[in-house]
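Please read the structure below before turning to the comments.
Rule-based calculations on the coordinates, nothing more; no lab input. None of these values were measured; they are calculated from a predicted model. We place every Cβ from the backbone using ideal geometry, glycine too, and count neighbours over all the protein chains shown.
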Protein chains: 2
Amino acid sequence: MQLTREGDYGVRSVLYLSRQPYKKISFVSEIADMYGIPRSFLAKILQKLVKSGIVKSYRGVKGGFSLARPAKEISVLDVVESIEGKMAMNLCLADRKKCEFLRQCPVHHVWHNAQQKFIEELKKHNFDDLSRQKK
Amino acid sequence: MQLTREGDYGVRSVLYLSRQPYKKISFVSEIADMYGIPRSFLAKILQKLVKSGIVKSYRGVKGGFSLARPAKEISVLDVVESIEGKMAMNLCLADRKKCEFLRQCPVHHVWHNAQQKFIEELKKHNFDDLSRQKK
């Protein structure tokens, strides 16, 4: 029950881009070198962030990546869910049909409430606030 | 970022035992059949719960398992951590040394707080309360 390395690197990448002037293009190599992430692995992560509208990609020799929208409009939850898919701390929260005991299960609401609390915390923080904190 | 099947089955097993008269011995086969868990997989899970002092095992022909302490003294968190180890929603929460960016990382406290909220919810619920809810 742990964030994947992919999810963690996604958060770091968006933090990196949030610390640049808005719309400034950054290279994959910059972010990869900063955090010691293999470049090909990082490229895949950035493509997921592009697909979900958090990051914008620029082609060409001077191509690279920038945020697709202001850092203030991107929460930690947005990034995590872009990489890992919609949060589901237990299988029954992903798809109710996957649990045949759901109707009789007194633990379902425990998972649901715990997940909600977790999600609320990740929603609270946007990358504009985070990027202004200590580097 | 999801509870393992092992963790989920551990919670169900403790719920099952909590619904029995205190100290009544249940067979692995009862719990396995109830939830459709492979018996050998369940036996391993129960051994982890024995090791952490939540479940007691009885040897012999009429051997089996019961709770090792009153259901009221067992939280959902106790069971999850017995199976999955101490909760760490991100690597840096498991071992600070594993993150070389920790001193400069503004996201660490976000993970920490979100995890705390999650943990508090799982701690709130004990198996005596849960076992009295709808079957």
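Which of the chymotrypsin sites (Phe, Trp or Tyr not before Pro) across the stretch B:56-128 are loop residues per DSSP, with 16 or fewer other Cβ within 10 Å?
Listed in order of number, the matching sites are B:Phe101.
Once phi is turned into θ = phi - 60°, what whole-Hz ³J(HN,Hα) does the Karplus curve with 6.51, -1.76 and 1.60 give for every residue of the stretch A:30-36, x standing for Gly and Pro?
Karplus values, whole Hz, x for Gly and Pro: 4, 5, 4, 5, 4, 10, x.
What lysines could a cross-link reach from B:Lys97, if we take a straight Cα to Cα line under 26 Å and drop same-chain neighbours fewer than 8 places away?
B:Lys97 reaches A:Lys134, A:Lys135, B:Lys86, B:Lys117.
Figure the gain on full extension for B:Ser57 and B:Lys24 (residue separation times 0.36 nm, minus the Cα-Cα span) and round it to one decimal in nm.
Gain on extension, B:Ser57 to B:Lys24, equals 10.8 nm.
What is the log10 of I(q)/I(0) for chain B, computed with the Debye formula using one identical point scatterer on each Cα and no solvent, at q = 0.11 Å⁻¹?
Each listed q maps to, in turn, -0.45.
Given the C-alpha centroids of the stretch B:113-135 and the stretch B:1-15, what is the distance between them in whole angstrom?
13 Å
Just the C-alpha atoms of the stretch B:7-65: what Rg/Rh do they give, with Rh taken as the Kirkwood radius?
Dividing the radius of gyration by the Kirkwood radius yields 0.91.
For Cα pairs less than 8 Å apart in space and 6+ apart in sequence, what is the mean separation divided by the residue count of the stretch A:27-72, i.e. the relative contact order in percent?
30 percent.
Listing A:His108, B:His125 from the residue with the fewest other Cβ atoms within 10 Å to the one with the most, what is the order?
The fewest-first ordering by Cβ neighbours comes to A:His108, B:His125.
Which of the listed residues, A:Met34, A:Thr4, A:Val79, is farthest toward the dipole's positive end in chain A, when Lys, Arg count +1 and Asp, Glu count -1 at the beta-carbon?
A:Met34
State, to one decimal in nm, how far the label point of B:Phe41 lies from the label point of A:Lys44, with both points 7 Å from Cα in the Cβ direction.
With each label point 7 Å from Cα toward Cβ, the separation is 2.6 nm.
Which ³J(HN,Hα) values, rounded to whole Hz and listed in residue order, are derived for the stretch B:73-87 from phi using the Karplus coefficients 6.51, -1.76 and 1.60 in 6.51 cos²θ - 1.76 cosθ + 1.60 with θ = phi - 60°, glycine and proline given as x?
Per residue, the Karplus-derived 3J(HN,Hα) values read 9, 10, 9, 4, 4, 3, 5, 4, 6, 5, 8, 9, x, 4, 5 Hz.
Skipping prolines and chain starts, which residues have an amide H placed within reach, meaning under 5 Å, of the one on B:Lys56, given they are 5 or more residues away or on another chain?
B:Ser66, B:Leu67, B:Ala68
Looking only at other chains, what is the average number of their beta-carbon atoms within 10 angstrom of each beta-carbon in A:9-15?
Whole-number average of other-chain Cβ neighbours for A:9-15 is 2.
Expected output is a single nm value to one decimal: the length gained when fully extending between A:Glu100 and A:His112, i.e. 0.36 nm times separation in residues minus the C-alpha distance. What is it?
2.7 nm
How big is the charge dipole of chain B about its Cα centre, in debye rounded to the nearest 20, if each Lys and Arg gets +1 on its Cβ and each Asp and Glu gets -1 on its Cβ?
420 debye
Going Cα to Cα from A:Lys98, which aspartates and glutamates come in below 20 Å? Please leave out same-chain ones fewer than 8 positions away.
Once the sequence-local aspartates and glutamates are set aside, what remains near A:Lys98 is A:Glu84, B:Glu6, B:Asp8, B:Asp33.
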